[in-house]
Amino acid sequence: MNKNSSNIMALAPNTSNKRETVCIFGTGDFGRALGQKMIQSGYPIVFGSRSPQTSNLIPKEAEVLSHTEAAQKAAIIIIAIQRQHYDFLTPLAEILRGKVLVDVSNNLKINQYPESNAEYLAQLVPGAKVVKAFNTVSAWALQSGTLDASRQVFVCGDDMEAKQMVMDIVRALGLTPLDQGSLLAAQEIENYPLQLFPMWKFPIFLSLGLTAFFFFYCLIRDVIYSYVYENKDYSFFIAISIPNRICPVVALILLALVYLPGVLAAIIQLYRGTKYSRFPDWLDKWMLCRKQLGLVALAFAFLHVFYTLIIPIRYYVRWRTEDGIISKALNNKTDPFNNTNGWLSDSYLALGILGFFFFVLLGITSLPSVSNSVNWREFRFVQSKLGYLTLILCTAHTLVYGGNRFLSPSSYRWYLPNAYMLSLIIPFIVLILKFVLIFPCLDRQLTQIRQGWERNPQYSEQSNYIINKSAV
Amino acid sequence: MNKNSSNIMALAPNTSNKRETVCIFGTGDFGRALGQKMIQSGYPIVFGSRSPQTSNLIPKEAEVLSHTEAAQKAAIIIIAIQRQHYDFLTPLAEILRGKVLVDVSNNLKINQYPESNAEYLAQLVPGAKVVKAFNTVSAWALQSGTLDASRQVFVCGDDMEAKQMVMDIVRALGLTPLDQGSLLAAQEIENYPLQLFPMWKFPIFLSLGLTAFFFFYCLIRDVIYSYVYENKDYSFFIAISIPNRICPVVALILLALVYLPGVLAAIIQLYRGTKYSRFPDWLDKWMLCRKQLGLVALAFAFLHVFYTLIIPIRYYVRWRTEDGIISKALNNKTDPFNNTNGWLSDSYLALGILGFFFFVLLGITSLPSVSNSVNWREFRFVQSKLGYLTLILCTAHTLVYGGNRFLSPSSYRWYLPNAYMLSLIIPFIVLILKFVLIFPCLDRQLTQIRQGWERNPQYSEQSNYIINKSAV
Amino acid sequence: MNKNSSNIMALAPNTSNKRETVCIFGTGDFGRALGQKMIQSGYPIVFGSRSPQTSNLIPKEAEVLSHTEAAQKAAIIIIAIQRQHYDFLTPLAEILRGKVLVDVSNNLKINQYPESNAEYLAQLVPGAKVVKAFNTVSAWALQSGTLDASRQVFVCGDDMEAKQMVMDIVRALGLTPLDQGSLLAAQEIENYPLQLFPMWKFPIFLSLGLTAFFFFYCLIRDVIYSYVYENKDYSFFIAISIPNRICPVVALILLALVYLPGVLAAIIQLYRGTKYSRFPDWLDKWMLCRKQLGLVALAFAFLHVFYTLIIPIRYYVRWRTEDGIISKALNNKTDPFNNTNGWLSDSYLALGILGFFFFVLLGITSLPSVSNSVNWREFRFVQSKLGYLTLILCTAHTLVYGGNRFLSPSSYRWYLPNAYMLSLIIPFIVLILKFVLIFPCLDRQLTQIRQGWERNPQYSEQSNYIINKSAV
């Protein structure tokens, strides 16, 4: 669906160029790709190279000179060279004085060096204005024009004017510059392309841990117990029956964990009587990955839905149904219809469907393009009101599913309750705490605190400027 | 999935600042949050406060002065104070002459005051250039950097240059300014953050009304009728059976209502012989919420699909199947396979699946990021061609589902037809009218009218500049 | 969900206008719509018209003059006239000297004229600076403010300064300008709005071809064979049974075809020992539509899932089940539970669900707004690692579904194997080749080549600057 913008890009503009010459040090893959792209956008390019004559992959429109000659031709010099070879710049310090040096380098590991490459460059060439940029863009994306991954270019630097010049180039290349402040930000900008879903780590490890725990729990209850006491081999439960016990349980627990930190934060604020006091670190981190927790929960709910829907197609289920009917027919016996069972069965299914529906709605509104097009009040309405509605529906679904089995002794094999009973603990805690917090007396006080009122103003002197993250 | 941009933000740039000092009046939550964010982006900040000495929550890098002193230090003054306290600005009028005043205030209710806060501010300080901005951004979002809800900042003002200065600040903060024109737009900008899905109200209320109507309709036909005549308690139908009658019926009606206004508009244009004539107001409003109507219809279709898929898992259905088989086995009776029933059953299911598939496709293409990446021709192709295909498939699904039951008297309990029969009325009207409109003679004339041709040109003199909304 | 930005747009700014006057030649639909929009954004507008007095649909705020008078009032002239009437500009050449002419025209067919309209305009008025812009925006979208389809305005031109002036207007109108380089790009920009999913053509035609082939294949095997040998009429299989054989088969083949070109490209690179050598054209094109191939495959997988889930609701399936049970009951016969069948049935269902889950995940991450918010490493992780996982799961699903039927002679009617057996060929080829390529010796060499190393450097002399598209 996305149009490839490079398709509609003329290769070589025969223009009355007004753009300033840019110099690129380094004729490697990235330097050449960036040079080619800048030539297309109307910039005259000079490459600086140790061995100017051998570089036959370089775009024809560009000049290749020695480092010294090339640097003299431009006000902006892009350093497309690895950090290990930055030393060659030291003798050039005099020529580079006052020039804008653009550091585009990346490292192989997060926090590989004590200082960022850009800061190291600034130390090596003290007279130059160093700007960090382009490190999040790949050579391949520049060449092919398929910038699917990201059009955002993080830019930082201490000199406003130099930064502005670099941001203009970024814009001319059809990319979006994002000003990240001073050169201190370079370390984080250099770490960014090395990250692999950092916000997702905790939710995914947590869910894998829960999955493993409940897998062995159900294995003991459903497979091993049957094998020991009834001598029946239910090992094939591992494929569907047990996953379909794990998924809803993990989904419900994760969903409750999305709303638990907000409730805890409210309690802390009520207890302290102020919002100008930093939350414990674990709570801060927990709050920041609530969206990811919710989406992992949705993934488990999705699996649960499809594991449930294929139940009637399973050979085991079809065999059991058939066997039951035939034995009843042979014994000339029919069960009467049990109205209570009819109600219970239909209710838990209906609650599950509605819960899943609102869960999917929450997931859709967390898509970046959707959440960008709603205002703050609408976003909070969806994420908070609809979120609690989903939690209530899913908890009720589990409760009604349990039905009257909670007290039946056959539900406790080896004194282990059914997994779904365990899954109800955290949702119950969240819902009870939330119910208490919306009592008018507490709610009024909490609203006051969040608007800046303080019970004991001395708290605020401990910390200078603190963030209230419980707003959503 | 979204990277938190503030994570890669250096806290305090030690820069050779070239940015102009900005003054903020008011040291409340929002003023401090905005100040902190602007300091991070390299702006020197002066706070103007009634009591400069006590403000210990203010960022350390900022100066706190009296209003008069602070105002003298900057060309741009952000008024982060509630409208009720604007009076204190009157004595400062002389100092504020020629300065840019940025009104960031919001109200508690839509249209709370006769004039917008920004216009009121402009009246109070006639010599200043008032710009409305930042009111859609929350203090919390500024502080935490999690601008999930919206990065868009609506800006309006009468002075182009002042507006440009404010838009530069917005961009420097990593937000997207949207120029909304003159200060007359301030009222609507102030109402914006108070809105709660205004375009969704009509579709949601309409669907709730239809749901309520069909709920009681089905309750009478399916539960009360059975109770009265057969003395059977089918009250548990409320959980699944009745919702699964309501959902498809409401979905189909809403989907037809998406395409009805376009057809009506075409008829009006054909009748009037011009497109330069305003449509009735109700038609205009209806047209503007077609997308929302369609998405609500999709939600009902989604519920219908899942209510249908869990049918074989329901206790009632399993009991009925079992009971039927056993009684047949005991009576030594088997039904022969009925080929017509095989065809009907498979056809309505296949039509339903295909209809749902195209409906989901329509839903996906209405996601903002998807619809932004297609061109106008593609968007119209999907929304119009695929939309009608979906409507045809869903109508056919309902028709075939009815099968030969339309004429069967058992379908009319208390003379009430099945709900699905009622749901076919509007789709039939839409499809018949559309079918008539694509006849070459009418289609050609309509195309001419939409390209600007007029049968009776006097119509156009009534109204100066009118919009043809039926293009899609 | 998207806020209609024109709702919060003041109609007529009473501003201290600093914006420059813009002239529009042509008072047709598009000229008027653009004029109205520019007036709202604060631009004084002069229309140039052949018959200035009769244009009563023109916004009141605009002046209407003759072409000559209007052109003299502005530095920028928007030519909102069809290409056929461009001749009238020749006599005006003297007045237009040095002015910026904005060509907004579109054609009716792709590549309708040998040169683009903008280049033709530049030839007609040699002294003017021609800029192509606004052709992707519809008059209707400008008027109604519902810019759902696209806010992107492609801009190209040979004069940097003129282009910059036009891009400023684009931004002021709330649209996003995209600089496409010199006027050579105009041809492609003019073709853009006429395109109808060009990247989707190959995947859709391929899938329709495969669908047709497998339809007749299954028709012969499942309907005609039964009719000939068993004299049974299974024609109703056309509605669901046969589609549910076609969909998974086509989905799996298309999914494998997404990963085949990457594998082929790696083999070519290994064989040639360099990446600086252009791939065959067909491979280049194939690589560029991988995303579309994958999404079409997902659509077929989606249909397969829903066709499968409604199996137990089908009349034919219910009849067959019932019939089987009754005949067993009457014959007093019960089947024992077959543990192998239990394992096979549950495994293939579980594999299918997991495969579908990861497939949906891949689909979600290819939404533009999601793929924009991940970095390059994350994008490659999802599209490559998760993609292969999906392919492995789906292939295993098909294999286990086949189970022990591969060798059974009853699977070969008229010597034709089951359709799913055919579908396994390409996935097997891809997975085996990929397995060979991740062997350390090959993988190391491939990584070196992709980092720029060459086995026989003479290759690189053949071509100047070539793109390595196999990076993902």
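Listed values, structure above:
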read-out: Angle in degrees between helix A:440-450 and the longest Cα principal axis of chain A, rounded to the nearest 10; value: 10
read-out: Inter-copy label distances at C:Ser66 (7 Å, Cα→Cβ; nm, one decimal); value: 6.6, 6.6
read-out: Part-to-part distance (alpha-carbon centres) for segment C:75-101 and segment B:250-280, which is given in Å; value: 39
read-out: Karplus 3J(HN,Hα) series, Hz, for segment A:355-360 with 6.51 cos²θ - 1.76 cosθ + 1.60 (x for Gly, Pro); value: x, 5, 4, 5, 5, 5
read-out: Long-range amide H partners of A:Tyr276 with built H, under 5 Å; value: none
read-out: Enclosed volume per residue, in Å³, of the convex hull spanned by Cα atoms of chain B; value: 232
read-out: Antiparallel bridges, percent of DSSP beta bridges restricted to segment A:22-194 (to nearest 5); value: 10
read-out: Dipole moment magnitude, nearest 20 debye, the protein assembly as shown about Cα centre, only Lys, Arg, Asp, Glu C-beta charged; value: 2300
read-out: Computed label-point distance, nm, for sites A:Arg318 and B:Thr340 using a 7 Å Cα→Cβ extension; value: 2.9
read-out: Copies compared at A:Gln164 - label distances in nm, ascending, label defined 7 Å from Cα in the Cβ direction; value: 1.2, 1.2
read-out: Folded to 0 to 90 degrees: helix C:29-40 orientation relative to chain C principal axis, Cα; value: 70
read-out: For residues of A:32-42, the mean tally of beta carbons on other chains within 10 Å; value: 2
read-out: Rough spin-label spacing in nm, given labels placed 7 Å along Cα→Cβ, for B:Glu454 and A:Ile432; value: 7.4
read-out: Chain C, relative contact order [Cα under 8 Å, separation at least 6], %; value: 13
read-out: Under the Karplus curve 6.51 cos²θ - 1.76 cosθ + 1.60, θ = phi - 60°, whole-Hz ³J(HN,Hα) for segment A:119-129, x wherever Gly or Pro sits; value: 5, 4, 4, 4, 5, 5, 10, x, x, 8, 9
read-out: Sites A:Ser384 and B:Arg405, calculated FRET efficiency, Cβ-Cβ separation with R0 51 Å, nearest 0.05; value: 0.65
read-out: Residue exposure sequence - B:Thr398, C:Thr211, B:Thr390 - by fewest surrounding Cβ within 10 Å; value: C:Thr211, B:Thr398, B:Thr390
read-out: Beta bridges by DSSP in chain B, antiparallel share as percent, to the nearest 5; value: 10
read-out: Estimated 222 nm signal from helices in chain B, with DSSP H stretches of n ≥ 4 weighted -39500 (n - 2.57), rounded to 500; value: -15500 deg cm²/dmol
read-out: 16 Å Cα-Cα reach of C:Lys291 towards lysines, excluding residues that sit fewer than 8 places from it in its own chain; value: A:Lys3, C:Lys201, C:Lys385, C:Lys469
read-out: In degrees, nearest ten, helix A:160-172 long axis to first principal axis of chain A (Cα); value: 70
read-out: A:Gln112-A:Ser51 FRET efficiency (beta carbon distance; Förster radius 22 Å; 0.05 resolution); value: 0.20
read-out: In nm, spacing of pseudo-spin labels at C:Thr447 and A:Phe88 (7 Å Cα→C-beta vector); value: 2.5
read-out: Share antiparallel - DSSP beta bridges, the protein assembly as shown, percent rounded to 5; value: 10
read-out: Average other protein chain Cβ within 10 Å of Cβ, residues B:327-333; value: 5
read-out: Cα centroid separation - segment C:167-219 against segment B:306-371, whole Å; value: 38
read-out: Position B:Asp443, label points 7 Å along Cα→Cβ, spacing to each other copy in nm (shortest first, one decimal); value: 5.7, 5.7
read-out: Histogram of C-alpha separations across segment B:198-456, 10 Å bin width, %; value: 6, 23, 32, 21, 11, 5, 2, 0
read-out: Hull volume in cubic angstrom per residue (convex hull over the Cα atoms of the protein assembly as shown); value: 213
read-out: Order of B:Cys218, B:Cys441, A:Cys394, C:Cys156 - criterion: other Cβ atoms within 10 Å of each residue's Cβ, fewest first; value: B:Cys441, B:Cys218, A:Cys394, C:Cys156
read-out: Subset of A:Lys285/B:Lys60; A:Lys129/B:Lys60; B:Lys99/B:Lys163 violating a 18 Å alpha-carbon distance limit; value: A:Lys285/B:Lys60; A:Lys129/B:Lys60
read-out: For C:337-343, mean number of other protein chain Cβ atoms within 10 Å; value: 6
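Values quoted throughout were computed directly from the atomic coordinates according to the rules given, and no laboratory measurement underlies them. Note that the structure is predicted; figures quoted are calculated from it, not measured. For neighbour counting, all protein chains shown are included, and Cβ atoms are generated from backbone atoms with ideal geometry for every residue, glycine included.
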